[in-house]
Every structure is written in structure tokens, then in C-alpha cells.
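Report on the following structure.
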Amino acid sequence: MNIDHNSNTPLHIQAEEILRNLIDSEEYKDGKYLPNEIELSQKLNISRNTLRQAINKLVFEGLLVRKKGVGTKIAHKSIIGGVRNWLSFSQEMKMLGIEIRNFELHICWKKPNEEICNFFGIDPKQQVKCIVLERVRGKKEYPFVYFISYFNPKIPLTGEEDFTRPLYELLEKDYNIIVKTSKEKISASLAGERIAEKLDIKASDPILIRQRHVYDINQIPIEYNIGYYRADSFTYTIEAER
């Protein structure tokens with residue numbers, strides 16, 4: 001549990017990585033409570049505000065659960081996912097123990113359509129282009145999802161970034177953008193020729209379409225994402241409380 005105050009990596013990100021290691025450790029599995037914030041901040045030699053920033057990020061991801069007046073504990077895996085706690089694709093697959101392979105990765109600049117312009121607050125009449133990331137991903141044996149991501153043109157992406165890295169980690173560490181909210185739509189369709197070719201299925205096979213509108217901690221729109229999933233490889237779970 002060492003924080004390097006001379007590192008270029010922000011203190012809250014270093015603290016976040018330490019907490020992630022605690023979450024994965026044998027000692028803290030099965031819902032054990034973390035040390036209180038005063039004790040933990042002293043051990044890490046950082047301020048409570050810096051520690052709280054790291055904890056808040058993991059609470060947003062559903063890895064920690066905070067109870068007022070009680071403390072912060074490790075979340076059981078069974079409560080992660082669904083509408084209350086959302087994860088990036090890399091995080092979802094890591095949680096399931098699935099090693100992911102990139103079958104295709106393409107980057108280009110495109111003029112967004114009217115719907116995407118409205119999402120990013122762009123005048124559709126302006127000749128503004130967004131960076132578009134297209135990826136076909138899956139298990140070692142076969143692909144099962146085709147992603148298309150449009151990014152807010154206000155983000156100073158160059159297209160030279162290493163997009164094999166986890167996407168939201170890249171945005172946070174390289175551009176200090178912390179994603180928080182995902183608004184999603186799920187629909188079903190037949191694959192069609194183009195998607196079928198990407199996913200190695202028949203054009204008449206069913207697929208699930210998952211559309212994500214992703215916002216940062218300031219509710220600024222960051223990513224417009226559409227994922228086309230093989231229906232035999234994707235289950236969407238919902239957890240709701242009354």
C-alpha cells in the first residue's frame with residue numbers, strides 16, 4: 001500500500017489501483033469492510049478527499065458499497081451489473097474471467113449523423129468530424145460483439161492513441177475524463193449481411209443491439225456507442241429495488 005508522491009500518476013488513481021488490488025485479495029473478499037477513511041488515508045499518506053475520490057470511482061463501478069454511518073465494503077460479484085451499476089466491456093469480461101481478443105480494430109474520422117450531433121450538442125450543419133472507433137471483439141475462439149464508438153469532438157483525441165487499452169482507462173489517464181453515467185437501450189434484430197460477416201454468423205441469425213450514451217462526472221456527453229452482440233453469447237441482467 002505505497003503511494004509514490006513523485007510519480008506523474010495522480011494520487012487518486014494510484015489509490016484507486018491499490019483499492020482494486022485489495023478488492024481482488026483473499027483478505028477482502030466476501031463483502032469485508034475496508035478500514036475507515038481516516039485510518040486508510042493515514043496508511044496511504046494521502047488526504048481524505050483524495051482517498052474519497054478513489055472510493056467514489058469504485059462505488060460508481062459497483063465494486064464497493066458505501067453505507068452511511070457504517071463504512072465501505074467490498075461488493076459481492078452477484079450485485080454487479082444491470083441498471084444500477086454499469087461496467088465497461090473490459091470490466092464485464094474481466095469479472096466473468098473471459099480473456100478477450102480483438103479481431104478487428106479500425107479508427108477513422110467521420111461526420112456524425114443528426115442524432116449523434118444532437119447528443120454531443122453539435123450543429124448538424126457544421127462540418128465537424130468525430131473520431132470513430134470500430135472494434136470486433138470476442139473470445140479466442142470466435143467474435144461475439146461489434147462495437148462502433150463516436151467520441152465527443154471536444155475531446156482532444158488524435159487517433160494515434162493505443163486503443164487496445166481499456167477505453168475508459170485511456171480517457172481517464174490520458175485526458176483526465178472520468179466516465180460516470182451510461183444510458184442504454186437494448187433491442188433485437190436479425191444480423192443482416194454486414195453484421196453477420198463481422199460476427200461470423202448467418203444473416204438470418206438474431207442479434208442484440210445495445211446502444212450506450214456515456215457521460216462523464218460533469219454530465220458532459222463523452223461517447224455514443226452501439227454494440228451488436230451475438231444473441232447466443234450475451235445476456236443482459238437487471239437488478240432493481242423497490
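The values are calculated or read from the model by the stated rules, or taken from the named source; none is laboratory data. Note that this is a predicted model, so its numbers are computed, not measured. In this analysis, Cβ positions are derived from the backbone assuming ideal geometry, glycine residues included, and neighbour counts consider all displayed protein chains. Note: areas computed on protein heavy atoms with side chains; ligands, DNA, RNA excluded. Shrake-Rupley method; radii C 1.70, N 1.55, O 1.52, S 1.80 Å.
The apolar share of the surface of segment 163-207, taken as the fraction of accessible area on carbon and sulfur atoms (1.4 Å probe, ligands and nucleic acids excluded), comes to 48 percent. Ligands, DNA and RNA are left out, and with a 1.4 angstrom probe the accessible area of segment 143-242 is 53 Å² per residue. For the chain, the equivalent ellipsoid derived from the Cα gyration tensor has semi-axes of 33, 22, 17 Å, listed largest first. The label-point distance for Ile98 and Arg20, in a model that sets each label 7 Å from Cα toward Cβ, rounds to 1.9 nm. The label-point distance for Lys43 and Asp205, in a model that sets each label 7 Å from Cα toward Cβ, rounds to 4.7 nm. Out of all Cα-Cα pairs in segment 1-53, roughly what percent, to the nearest whole number, are more than 12 Å apart? In whole percent, the long-distance tail amounts to 64. Eigenvalues of the alpha-carbon gyration tensor of segment 105-242, scaled by 5 and square-rooted, set the equivalent ellipsoid semi-axes at 26, 18, 16 angstrom, largest first. Taken along its three principal axes, the alpha carbon spread of segment 170-242 comes to 42, 38, 16 Å, from the longest extent down to the shortest. Length gained on full extension, Lys67 to Ile186, computed as 0.36 nm times the residue gap minus the Cα-Cα distance: 39.7 nm.
Write down the accessible area per residue of segment 12-60 in Å², having rolled a 1.4 Å probe over the full set of protein chains.
Ligands and nucleic acids excluded, the figure is 53 Å² per residue.
At a Förster distance of 22 Å, what's the computed FRET efficiency of Lys125 paired with His213, Cβ-Cβ distance as r, to 0.05? Step by step, r from the Cβ atoms, then E = 0.50. Here the spin labels are modelled as points 7 Å beyond Cα on the Cα-Cβ line, and at Arg194 and Ser233 they lie 2.0 nm apart. The GNM of the chain, with springs linking C-alpha atoms under 10 angstrom apart, assigns the highest mean-square fluctuation among Glu39, Glu92, Glu184 to Glu39. Highest mean first, the peptides 64-71, 147-154 sorted by other C-beta atoms within 10 Å per residue fall in the order 147-154, 64-71. Computed from point charges on the beta carbon alone (+1 for Lys and Arg, -1 for Asp and Glu), the dipole magnitude for the chain about its Cα centre is near 600 Debye.
His213 sits among other residues whose Cβ lies under 14 Å from its own Cβ, and their net charge, with Lys and Arg +1 and Asp and Glu -1, is +1.
A straight chain from Lys139 to Thr164 at 0.36 nm per residue would run longer than the Cα-Cα distance by 7.5 nm. Computed extension gain for Ser7 through Ile220, at 0.36 nm per residue and net of the alpha carbon distance, reaches 73.8 nm. The fraction of accessible area contributed by carbon and sulfur in segment 114-161 is 45 percent, rounded to a whole number (1.4 Å probe; ligands and nucleic acids excluded). Over all pairs of distinct alpha carbons, what does the Kirkwood formula give as the hydrodynamic radius of segment 92-172, in Å? Roughly 14.2 Å, rounded to one decimal. Please report the relative contact order for segment 137-242, taking Cα pairs under 8 Å with a sequence separation of at least 6, and give it as a percent rounded to a whole number. Answer for segment 137-242 is 30 percent.
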